[in-house]
Amino acid sequence: MSANTVPTRQDFPADFRWGVSTSSFQIEGAGREDGKGESIWDRFCSEPGRIRDGSNALVACDHYHRWPQDLDLAKQLGVNAYRFSVAWPRILPQGRGAPNEAGLAFYDRLVDGMLERGLDPWATLYHWDLPQALQEQGGWTSRDTVAAFLEYTDIVTRRLGDRVKHWITHNEPWCSCIMGYWEGVHAPGGTSLADAMQASHHVLLSHGQAVGLIRRNLAQAQVGITLSLHPITAASPHAADLAAARRHDGLRNRWFLDPLFGRGYPEDTLALLGQAAPRVLPGDLDAIATPTDFLGVNYYFPEVVADDPDARHGGLMRTRLVEREGVERTGFGWEVSPQGLVDLLTRIQRDYGPAAIQLTENGSTFEDRLTPDGRVHDKERLSYLQRHLAALKQAMDAGVPVKGYFAWSLLDNFEWAEGYLRRFGLAYVDYATQQRTLKDSGLWYGRFLNE
Ligand code: IFM
C-alpha cells in the first residue's frame, strides 16, 4: 500500500484488533469518591505551576459516572477492543493493605459494560497514578514499590481475570520514570538522574515479576508491556551527530527494549550513566526478560538528534533535539511522520523480533473547535489517522507482526502537565457540560470500521 492510499478495514486481517485507548487519571474524575486515595498526580496538580492551565483531574471527563455513555460511543465507532487503566489508589488507597471494595466494584461494572457491548477489555495496571502514600516511601526509587505493585496486581487480576484476558503491566516507563523523576515535568516532579534510572529498573522489574504472577493467576491471559518508542536519526551524517543519535537511542529506546528482550542494559548507556546507573540485584535481569505475549508500542513522532556538548542536563547525554524544517507538526509541535511508524516497527522487528506487536497508542492533538453545525471538522487529525493506518499496513506487508491498533484517545482528556490545553480525542469533550461529540476523525474511524 502506498503512503497516500486511504486503507479500508478489508486491507487488514479479519482477526485484527481495533480499539481505542484511555487511562484512568485522564478521564475518570471522581478524584475523591468512594474511598479513592490520593495519587502522585493529584498531589502534583495541587502544586502551583506544575500544570500549564492550573487545572487538575478531580472531574476530568467524569467518566467514573458517565462510563455507560462512553462505552456506547466506543461501540458506535465499531471497535472490538477497549484499552483502559486501573487506578491503583482506587483499589488500595494507601498503596498496600486491604482493598477498597468500592474501587473494585467500579472496574467490575466497567468491564461488564464492555463485555455487554462486545468490547474486549484490555487493562493497563499502571498508567502513572501511583498512590501518594507509596511516594512518601520513595515511590519507584524504592524496591518496596515492586512488592506493592505485585500485591496490587494480584488483587486486580484475581478480581477481573475471569473477564479480562489482556493485561498490560506498565504504560510508557520512559514517562513515569525519566519525565517523572529526572526531568521534573511529570509527577512526582523529581530532578535526579540516579533516581530516574533506579525507578526505571524497579518499574521493569515489577513488570517482569508481574508477568509471572499474572500467568500463575490466569492461565489464559495474554500479557505485555507498553513502551513509548521513537525512530531516531542523526541531524547530519557527521560522526559526532551519528554518535549523538546512538546515545539518545540508548536511553530513549534500548534502555527499555534490551533488558525486556534478554540483553541486559545497554553497555554504552551504562557507561554514560556512570554513578547514576541503577542498582541491579542477581536475578533481576532474568525476571525482566520473562517472555511476554506481545510488545505494546505507542508511536507519536520521530526524533532528530545532534551532538551538543552543552546540552541536556549538565551535558550528560550531550545531545540536542533538532526540529526538522518545513515538516508538518501537530498542535504539540510533534512532527507528523507516518514513515516514522514504518521505520520504527521494522527496526523493532529486525532488532528484537517480538512474537506480536500491539500498537497500543497513536494519535494527535490539534486546535479543535465545535462549529455552529454541531461538528468538529478536524481534518488534520483525520489525515493523520488515515496516513498512520496506511503506514501500519505497509509495515505489516513488510512482515512486522502487528496484531492490533488502538487510537489515542476515545475522548479529549486531561493531558498531564498540559492540563486541558491539548485535545487528542476522537470525540470532543465540552468540559463545561460534559457533552461528547464525535469529531470528523471519529466519524471516519467509525465508517472505516463498519465498512
Ligand atoms: O496522553 C498521553 C498518554 O497518557 C500516554 N501516551 C501519550 C499520550 C499523549 O501525550
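Using per-residue counts of other Cβ atoms within 10 Å, averaged over each peptide, order 377-384, 86-93 from highest down.
Packing order, densest peptide first, comes out as 86-93, 377-384.
For region 78-165, report the % of Cα-Cα distances exceeding 20 Å.
When every Cα pair of region 78-165 is considered, 34 percent fall beyond 20 Å.
Region 11-98: Rg/Rh from Cα coordinates, Kirkwood Rh?
Across region 11-98, the Cα-based Rg/Rh ratio is 1.07.
Work out how much length SER46 to VAL6 would gain on full extension: take 0.36 nm times their residue separation and subtract the Cα-Cα distance, in nm to one decimal.
10.0 nm
Which value, in Å² and to the nearest 10, is the accessible area of LYS403 when all protein chains are kept and the probe is 1.4 Å?
100 Å²
In nanometres, what is the gap between the two model label sites at ASP310 and LEU421, each 7 Å from Cα along Cα-to-Cβ?
Each label point lies 7 Å from its Cα, and together they span 2.6 nm.
Show the residues, 5+ positions off or on another chain, whose built amide H is closer than 5 Å to the amide H of VAL402.
ILE357
Given +1 on the Cβ of Lys and Arg, -1 on the Cβ of Asp and Glu, and no further charges, what dipole in debye does the chain carry about its Cα centre, rounded to the nearest 20?
Charge dipole, the chain, about its Cα centre: 620 debye, nearest 20.
Using only the Cα atoms of region 241-330, what are the Rg and Dmax in Å?
Taking only Cα atoms of region 241-330, I get Rg and Dmax of 15.5, 49 Å.
Mind ranking 54-64, 265-275, 404-414, 441-451 by how tightly packed they are, going by the mean number of other C-beta atoms within 10 angstrom, highest first?
Per-residue mean Cβ counts within 10 Å order the peptides as 404-414, 54-64, 441-451, 265-275.
Would you calculate, for the chain, the mean residue ellipticity at 222 nm contributed by helices, counting each DSSP H stretch of 4 or more residues as -39,500 (n - 2.57) and dividing by all residues, to the nearest 500?
-11000 deg cm²/dmol
Would you grab the residues whose amide H sits under 5 Å from the one on LYS36? Only those 5+ places off in sequence or on another chain, please, with H modelled 1.01 Å from N.
Correct list: empty.
With the other protein chains left in place, how much accessible area per residue, in square angstrom, belongs to the chain at a 1.4 angstrom probe?
About 36 Å² of surface per residue is accessible.
With labels modelled as points extended 7 Å from the Cα through the Cβ direction, what inter-label distance (nm, one decimal) is found for ASP373 paired with ASN217?
Roughly 4.9 nm, to one decimal.
Before anything else, pin down the relative contact order of the chain: Cα pairs under 8 Å, at least 6 apart, normalised by residue count, whole percent.
18 percent
Rounded to whole Hz and in sequence order, give me ³J(HN,Hα) for region 321-330 from the Karplus expression 6.51 cos²θ - 1.76 cosθ + 1.60, θ = phi - 60°, writing x for Gly and Pro.
For region 321-330, the Karplus curve yields 7, 10, 8, 4, 7, x, 9, 6, 9, 7 Hz.
Hey, any idea what % of region 102-189's accessible area is carbon plus sulfur with a 1.4 Å probe?
48 percent
Determine the dipole magnitude for region 144-204: charges of +1 sit on the beta-carbon of Lys and Arg, -1 on that of Asp and Glu, nothing else is charged, the reference point is the Cα centre, and the result goes in debye to the nearest 20.
So the dipole magnitude of region 144-204 works out to roughly 320 debye.
Given 5 Å bins starting at zero, what is the percent of C-alpha pairs of region 295-451 in each, up to the one with the largest pair distance?
Whole-percent P(r) values from 0 Å outward: 2, 8, 15, 17, 17, 16, 12, 7, 4, 2, 0.
In vacuum, with every alpha carbon of region 369-443 counted as one equal point scatterer, what does the Debye formula give for log10 I(q)/I(0) at q = 0.18, 0.25 Å⁻¹? Two decimals, please.
The Debye formula, applied to the Cα set alone, gives -0.78, -1.14.
Carbon and sulfur atoms: what percent of the 1.4 Å accessible area of region 371-412 do they account for?
It is 52 percent, rounded to a whole number.
If eta is 1.002 mPa s and T is 20 °C, what Stokes-Einstein diffusion coefficient results for region 312-386, Kirkwood Rh from Cα pairs, in µm²/s?
Stokes-Einstein gives a translational diffusion coefficient of 137 µm²/s.
Put +1 on the Cβ of every Lys and Arg and -1 on every Asp and Glu Cβ in region 65-215; which of VAL185, LEU77, ILE155 then has its Cα farthest towards the positive end of the dipole?
Farthest towards the positive end: LEU77.
Output the relative contact order of region 261-386, whole-number percent, from Cα pairs under 8 angstrom with separation of 6+ residues.
25 percent
Tell me which DSSP H helices of the chain clear both cut-offs, 18 Å or more of axial length from alpha-carbon atoms and a mean Kyte-Doolittle hydropathy of at least 0.0.
For the chain, where a helix must reach 18 Å along its axis and average at least 0.0, the hits are 101-116, 144-160, 193-217.
Return the distance in nm (one decimal) between the two label points of a simple spin-label model at VAL327 and ALA102, each offset 7 Å from Cα along Cα→Cβ.
4.8 nm
If you roll a 1.4 angstrom probe over the protein chains with everything in place, what fraction of the accessible area of region 260-311 belongs to carbon and sulfur, to the nearest %?
52 percent
So what are the radius of gyration and Dmax for the Cα set of the chain, in Å?
20.7, 63
Across region 356-368, in residue order, what do the Karplus-derived ³J(HN,Hα) couplings come to in whole Hz, using 6.51 cos²θ - 1.76 cosθ + 1.60 with θ = phi - 60° and x for Gly and Pro?
Those phi angles translate into 7, 10, 10, 7, 7, 7, 6, x, 8, 10, 9, 6, 8 Hz.
What relative contact order, as a whole-number percentage, does region 28-132 give when Cα pairs under 8 Å and 6 or more residues apart are counted?
37 percent
Hey, got a sec? Which trypsin sites (Lys or Arg not before Pro) in region 229-289 land in a DSSP loop and have at most 14 other Cβ atoms within 10 Å?
When the trypsin sites (Lys or Arg not before Pro) of region 229-289 are filtered for loop state and at most 14 Cβ neighbours within 10 Å, ARG279 remain.
Could you calculate, for region 154-301, the ratio of the Cα radius of gyration to the Kirkwood radius, expressed as Rg to Rh?
Computed over Cα atoms, the ratio is 1.01.
Taking the Cα centre of each part, how many Å lie between region 13-59 and region 199-261?
Centre-to-centre distance over Cα atoms comes out at 24 Å.
Projected onto the charge dipole of the chain (+1 at Lys/Arg Cβ, -1 at Asp/Glu Cβ, origin at the Cα centre), which of LEU273, HIS63, ALA289 gives the Cα projection farthest towards the positive end?
ALA289
The values are calculated or read from the model by the stated rules, or taken from the named source; none is laboratory data. Nothing here was measured: the structure is a model prediction, and the numbers come from that model. Note that we place each Cβ from the backbone using ideal geometry, even for glycine, and neighbour counts take in every protein chain shown. Just the protein is used for accessible areas: all its heavy atoms, side chains included, with ligands, DNA and RNA removed. Shrake-Rupley method; radii C 1.70, N 1.55, O 1.52, S 1.80 Å.
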